[in-house]
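Worksheet: the structure to be examined is printed underneath.
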């Protein structure tokens with residue numbers, strides 16, 4: 001092996017060690033709950049619509065107030081010990097759209113896209129004012145008059161980045177907050193608790209009250225299940241975070257319970 005090749009391999013090894021160390025440190029710091037989790041939400045006009053642009057111009061942090069209320073309420077249930085577990089604020093408008101995930105979800109393509117997203121995030125937010133957040137969420141808004149559905153949202157543990165698709169309409173603030181909270185929890189290590197083939201919550205981890213008698217209908221939805229089971233074969237989208245909860249399995253994943 002030539003000296004130049006050895007140096008290249010050694011340099012790559014050092015980069016991987018540094019990245020692994022940073023990821024581990026971020027994982028510890030974001031789930032030790034010694035202080036409020038700092039979360040910045042950056043609005044993005046996902047469809048270029050003038051109506052979406054006007055909505056974003058009038059957007060305030062109050063649009064996501066339900067997210068802070070949700071984490072405060074659920075944190076008290078698990079004796080987190082913080083008056084406000086999540087400190088969320090609204091960042092400035094981001095003009096570009098994050099790179100979408102690949103259609104082919106093979107491991108190598110996903111890994112390459114994940115790295116690309118992290119680099120894109122660093123470059124895009126390098127001049128954003130304000131305190132540095134621990135978690136960065138891009139809120140991609142779509143005009144509900146022209147878009148009946150939106151792409152899947154996502155949250156990355158590595159890099160602490162969320163991409164939350166929502167609708168540019170005040171009446172849908174509850175749904176937007178629900179999606180953002182779900183993806184935020186993904187960045188903290190929470191896993192989905194629904195059947196990907198049917199989107200129905202998995203029992204028992206995807207049920208807010210897995211021991212209820214009768215089991216259906218459930219009164220609350222588990223946040224990482226994303227739907228409210230109303231019968232054995234039917235689950236509906238909850239109206240918002242007011243009827244959503246953090247189940248024991250999710251609490252363990254994010255460091256709220258053992």
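Quick look at the numbers
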| read-out | value |
| --- | --- |
| Within the stretch 71-105, tally of residues that are part of a loop (DSSP other than H, G, I, E, B) and farther than 24 Å from residue 45 by Cα | 10 |
| Number of positions in the stretch 56-77 that are in contact with a helix residue (DSSP H, G or I) (Cβ under 8 Å, 6 or more places away or on another chain) and over 17 Å from residue 243 (Cα atoms) | 1 |
| Lone unmet requirement of (1) assigned to a helix (DSSP H, G or I); (2) in contact (Cβ under 8 Å) with a residue 40 or more places away in the chain; (3) crowded, with 17+ Cβ neighbours inside 10 Å for residue 68 | (2) |
| The stretch 137-154, subset buried (at least 21 other Cβ atoms within 10 Å of the Cβ) and within 13 Å of the chain's Cα centre (by Cα), residue nearest to residue 31 (Cα to Cα) | 137 |
| Members of the stretch 137-153 that are touching a strand residue (DSSP E or B) at 6+ places or on another chain (Cβ under 8 Å) and either in a loop (DSSP other than H, G, I, E, B) or modelled with pLDDT under 95 (or both) | 143, 144, 147, 150, 151, 152, 153 |
| Residue 177 in contact (Cβ under 8 Å) with a residue 60 or more places away in the chain and crowded, with 22+ Cβ neighbours inside 10 Å | yes |
| Restricting the stretch 119-136 to residues that are in a loop (DSSP other than H, G, I, E, B) and under 17 Å from the mean Cα position of the chain (by Cα), the residue that is surrounded by the most Cβ atoms within 10 Å (Cβ to Cβ) | 133 |
| Residue 166 at pLDDT 95 or above, assigned by TED's automatic domain parsing to the domain that holds residue 64 and more than 19 Å from residue 114 (Cα to Cα) | yes |
| Answer from 116, 84, 157, 76 - the residue that is surrounded by 13 or more Cβ atoms within 10 Å (Cβ to Cβ) and within 16 Å of the chain's Cα centre (by Cα) | 157 |
| Which listed residue, of 164, 168, 235, is more than 25 Å from residue 91 (Cα to Cα) and surrounded by 23 or more Cβ atoms within 10 Å (Cβ to Cβ) | 235 |
| In the stretch 55-65, the residues that are touching a strand residue (DSSP E or B) at 6+ places or on another chain (Cβ under 7 Å) and outside any helix (DSSP H, G or I) | 59, 60 |
| Residue satisfying all of: in the stretch 100-135; modelled with pLDDT of 95 or more and in contact with a helix residue (DSSP H, G or I) (Cβ under 6 Å, 6 or more places away or on another chain); nearest to residue 160 (Cα to Cα) among these | 135 |
| Residue within the stretch 241-256 that is at pLDDT below 95, surrounded by fewer than 20 Cβ atoms within 10 Å (Cβ to Cβ) and outside the structural domain of residue 81 (by TED's automatic domain parsing) present | no |
| Looking only at the stretch 87-99, and only at residues there that are in contact with a helix residue (DSSP H, G or I) (Cβ under 8 Å, 6 or more places away or on another chain) and surrounded by 13 or more Cβ atoms within 10 Å (Cβ to Cβ), the one that is farthest from residue 125 (Cα to Cα) | 87 |
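The values are calculated or read from the model by the stated rules, or taken from the named source; none is laboratory data. Treat the numbers as computed from the prediction; the structure is a model and nothing was measured. Please note: Cβ atoms are built from the backbone with ideal geometry, for glycine as well, and neighbour counts cover all protein chains shown.
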